[in-house]
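The values are calculated or read from the model by the stated rules, or taken from the named source; none is laboratory data. Worth saying up front: this structure is predicted, and the values here are computed from it rather than measured. Virtual Cβ from ideal backbone geometry, glycine too; neighbours counted across all protein chains shown.
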Amino acid sequence: MCKQLVVEATIVGLATILIGVCVQELLKKTTLKVHCETPCDWNKNYIKEISLFVTGFMLHVLFEMMGANSWYVKHGSAALSLKGTR
């Protein structure tokens, strides 16, 4: 069970990096050119917070579309630990 949790966390972590970098680069190319003169202004417009929100939002939607959420409910480490306690 611990091994499965590590695998699941690794998958979510890697997906977060992949989507996060894409979102961050997209926001840098669009928002910073319009609102910021220097990279130091990155946080003045809450770009980091927006990037984190959009990353989480996109990951949730993508996992739902791929069926990963329903798979996790049936086969994830949390479901397996509940089955073991019954």
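Could you list all residues from region 3-22 that are touching a residue at least 40 places away in the same chain (Cβ under 8 Å) and not polar (S, T, N, Q)?
Result: LEU5, GLU8, VAL12, ALA15, ILE19.
Of (1) modelled with pLDDT under 80; (2) part of a helix (DSSP H, G or I); (3) among the charged types (D, E, K, R); (4) loosely packed, with under 10 Cβ neighbours inside 10 Å, ASP41 satisfies all except one. Which?
That leaves (4) as the condition not met.
Considering region 70-86 alone, what residues qualify as being at pLDDT below 80, in a loop (DSSP other than H, G, I, E, B) and within 14 Å of VAL12 (Cβ to Cβ)?
The answer is none; no residue qualifies.
Quick one: is LEU5 under 30 Å from SER77 (Cβ atoms) and at pLDDT 90 or above?
no
Pairs please, first residue from region 54-69 and modelled with pLDDT under 90, second anywhere and among the aromatic types (Phe, Trp, Tyr), Cβ atoms under 6 Å, 6+ apart in sequence or on different chains.
ASN69/PHE63
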